[in-house]
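Colleague: To start, I am sharing the structure in question, which I have written as C-alpha cells.
The values are calculated or read from the model by the stated rules, or taken from the named source; none is laboratory data. Given the structure is predicted, the values throughout are model-derived calculations rather than measurements. Cβ atoms come from the backbone with ideal geometry, glycine included; neighbour counts cover every protein chain shown. Calculation scope for accessible area: heavy atoms of the full protein, side chains included, ligands and nucleic acids excluded. Shrake-Rupley method; radii C 1.70, N 1.55, O 1.52, S 1.80 Å.
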Amino acid sequence: MLVRTSMNTKEAIIKNNIEKHAAPIGTTLDRFIAQKQGEFSYATGELSQLLRDIALAAKIINREVNRAGLTGIEGSIGEENVQGENQLMLDVVADTRFHRALIKGGQTCGIVSEERENLTLTGNSHAKYLVAIDPLDGSSNLGINISIGSIFSIYRRKTSTNEVPTLEDVMQKGSEQVAAGYVLYGSSTMLVYSTGYDVHGFTLEPSLGEFILSHPSMKIPEEGTIFSVNEGGYYDFSEGIREYIDHCKKQRFKARYTGALVADFHRNLMKGGIFMYPATASHPNGKLRLMYECNALSFLIERAGGIATNGKRRVLDIEPTDLHQRIPFFIGSPKMVNELLSRA
Ligand code: AHM
Ligand code: MG
C-alpha cells in the first residue's frame, strides 16, 4: 500500500512537471500582429512589419538598459540635444537603434525624434509610414535604476509614395495616428500599443526574447485615487491647477511621480489616476512634447476610456506647428480629468 502511494506520487510529480514545462507560452506579439492585421483598413502587412521593427528596437534597447550599470553607458555625452537638454549616451544609443531598425525594416519613409532637430529621411521613399519617437523617455532615471520608456507614434504619409516625404507628412494632428504605443523598461519590460481599436499590453519573456500578450484590451478605471505631478512647480501653476491639487490632497489621494512619463502613465492606466505636467515658469508652454510624447499616450488613453487635454482642448485635435512643440499635458481617468477641467 505504501509502495503504491509513493509510485502514484512520483507519477503525479512527473505528470505535473511535464504539464508545467509544456504549458502554452501564450500569444507572441508577432502572432498577435498577424492575427490582427485584418483590423487595419490598409491591411497589406506593411504596418505589421513596422510594428515588428519597433519591437526589435525595443528588445535591443532593453538589453542596453538592463546592463547599463556594467557597460558605462549611463553617463552624459557632455552635449545638449536640440531641446537644450543634457543628452545621455543611452539617449543616443536608443535613438540610433530605432533609426537603424526602422530604416532597415523598410516601411518608414521619415522619422522624427526627440534627439534630432529635423525630420530624418530614411531613403525608403516607397514606404507609406512616418514615425515620431522619444527613444528613451525619462532617461535621467537611468543612473538610479528606476523605470524609463520609449514612445512612438505612426502616421500615414500625405504625399504619394516614391516622392520625397515632407514635413506635411508628419505634422499631422494626433487624431490622424494609425498606431501608437510605448515600451516600459520597468520591473518587467512591456510593450503597449493600439492600432486604433483596443489597447494591448505585452510582457517581454526575457529567456525567449519574445513579447507575450499579457494585458489584452486594457481599460483605465473611470475614477482613480492617484495624482502624478511634479509638485515642485506648485507655485508656478495656475490657480485652477493648484486648486485641483489641493482637492486631491483633501480627498487623501495618493501622490505618485517617478519623473518618467511612461512609468507614471502606465501605473495610472492600470490603477486609475491623473498625470499632470502644467505650464511652469521654466516651461511656460509645458515641458512635454506634442509630437512624440503626448500624442501617442493621448491616442492610447482615449482607446482605453480616458481623456487627454492641454487644459483647453483635446490633445489629439491640436494642429502641430513645430516638430518639438511643447504643451501643458493632463491625462488619465475621465472623472479625474473632468474634475480638473472644471477648475482649470
Ligand atoms: P525626457 O524626454 O527628456 O526624458 O523628458 C521628459 C520627462 C518625462 O518622462 C517626465 O514626465 C518629465 O520629463 C519629468 O520632468 P520633471 O523632472 O520636470 O518633473
Ligand atoms: Mg521624453
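Colleague: Could you list, in sequence order, the residues of region 58-99 that are in a helix (DSSP H, G or I) and over 25 Å from S187 (Cβ atoms)?
Modeller: V92, T96, H99
Colleague: For region 198-225, name all the residues that are free of Cβ contacts under 8 Å to residues at least 40 places away in the same chain, outside any strand (DSSP E or B) and closer than 23 Å to S333 by Cβ.
Modeller: Of everything in region 198-225, those that are free of Cβ contacts under 8 Å to residues at least 40 places away in the same chain, outside any strand (DSSP E or B) and closer than 23 Å to S333 by Cβ turn out to be P216, S217.
Colleague: In the list G332, G311, which residue meets the criterion of being at pLDDT 95 or above and open to solvent by less than 10 Å² (accessible area, probe 1.4 Å)?
Modeller: Just one listed residue meets the conditions, G332.
Yes/no per residue for (1) more than 14 Å from ligand 1 (Cβ to nearest atom); (2) not charged (D, E, K, R):
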| residue | (1), (2) |
| --- | --- |
| E243 | yes, no |
| H266 | no, yes |
| L269 | yes, yes |
| T280 | no, yes |
| L297 | no, yes |
| T309 | yes, yes |
| M336 | yes, yes |
| A344 | yes, yes |
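Colleague: State which residue is farthest from ligand 2 (Cβ to nearest atom) when the search covers only region 94-123 and only residues that are in contact with a helix residue (DSSP H, G or I) (Cβ under 9 Å, 6 or more places away or on another chain) and of a type in the set (S, T, Y).
Modeller: Top of the filtered list is T122.
Colleague: Here's another thing I want to ask about it. Here are the criteria: (1) closer than 28 Å to I146 by Cβ; (2) in contact with a strand residue (DSSP E or B) (Cβ under 9 Å, 6 or more places away or on another chain); (3) at pLDDT 90 or above. Tell me which single one Q87 does not satisfy.
Modeller: If we test Q87 against (1) closer than 28 Å to I146 by Cβ; (2) in contact with a strand residue (DSSP E or B) (Cβ under 9 Å, 6 or more places away or on another chain); (3) at pLDDT 90 or above, just (3) comes out false.
Colleague: A further question follows. Considering only region 139-182, state which residues are among the hydrophobic types (A, V, I, L, M, F, W, C) and within 18 Å of T120 (Cα to Cα).
Modeller: Of everything in region 139-182, those that are among the hydrophobic types (A, V, I, L, M, F, W, C) and within 18 Å of T120 (Cα to Cα) turn out to be I151, F152, I154, V164, L167, V170, M171.
Colleague: Further question on the same structure: Would you check which residues across region 78-92 are within 19 Å of the chain's Cα centre (by Cα) and surrounded by 19 or more Cβ atoms within 10 Å (Cβ to Cβ) and list them?
Modeller: Answer for region 78-92, where residues must be within 19 Å of the chain's Cα centre (by Cα) and surrounded by 19 or more Cβ atoms within 10 Å (Cβ to Cβ): L90, D91.
Colleague: Next up: Identify all residues within region 124-165 that are free of Cβ contacts under 8 Å to residues at least 12 places away in the same chain and either under 24 Å from L316 (Cβ atoms) or within 16 Å of ligand 2 (Cβ to nearest atom) (or both); write none if there are none.
Modeller: Within region 124-165, T159 is the sole residue that qualifies.
Colleague: Quick one: which residue in L56, L29, L50 is in contact with a helix residue (DSSP H, G or I) (Cβ under 8 Å, 6 or more places away or on another chain), open to solvent by 60 Å² or more (accessible area, probe 1.4 Å) and in contact (Cβ under 8 Å) with a residue 12 or more places away in the chain?
Modeller: Within the list L56, L29, L50, the selection yields L56.
Colleague: Another one. Give the number of residues within region 6-33 that are in a helix (DSSP H, G or I) and of a type in the set (G, A, S).
Modeller: Qualifying residue count, region 6-33: 2.
Colleague: Here's something else I'd like to know. Kindly indicate the residue of region 245-264 that is closer than 30 Å to S150 by Cβ and assigned to a helix (DSSP H, G or I) and also farthest from ligand 1 (Cβ to nearest atom) among those meeting that condition.
Modeller: Looking at residues that are closer than 30 Å to S150 by Cβ and assigned to a helix (DSSP H, G or I), I get C248.
Colleague: Just to be sure, is R256 open to solvent by 50 Å² or more (accessible area, probe 1.4 Å) and modelled with pLDDT of 95 or more?
Modeller: When the stated conditions are applied, R256 passes them.
Colleague: Please go through region 288-317 and give me each residue that is under 22 Å from R116 (Cα atoms) and touching a Leu at 6+ places or on another chain (Cβ under 8 Å), ordered by number.
Modeller: Across region 288-317, the qualifying residues are L288, M291, E293, C294, N295, L297.
Colleague: Just name the residue that is farthest from ligand 2 (Cβ to nearest atom) out of those in region 273-295 that are within 16 Å of V82 (Cβ to Cβ) and assigned to a loop (DSSP other than H, G, I, E, B).
Modeller: Of everything passing the filter in region 273-295, N285 is farthest from ligand 2 (Cβ to nearest atom).
Colleague: Next question, about the same structure. May I ask you to list the residues in region 231-272 that are free of Cβ contacts under 8 Å to residues at least 60 places away in the same chain, within 16 Å of ligand 2 (Cβ to nearest atom) and out of contact with any Ser or Thr (no Cβ under 6 Å at 6 or more places or on another chain)?
Modeller: none
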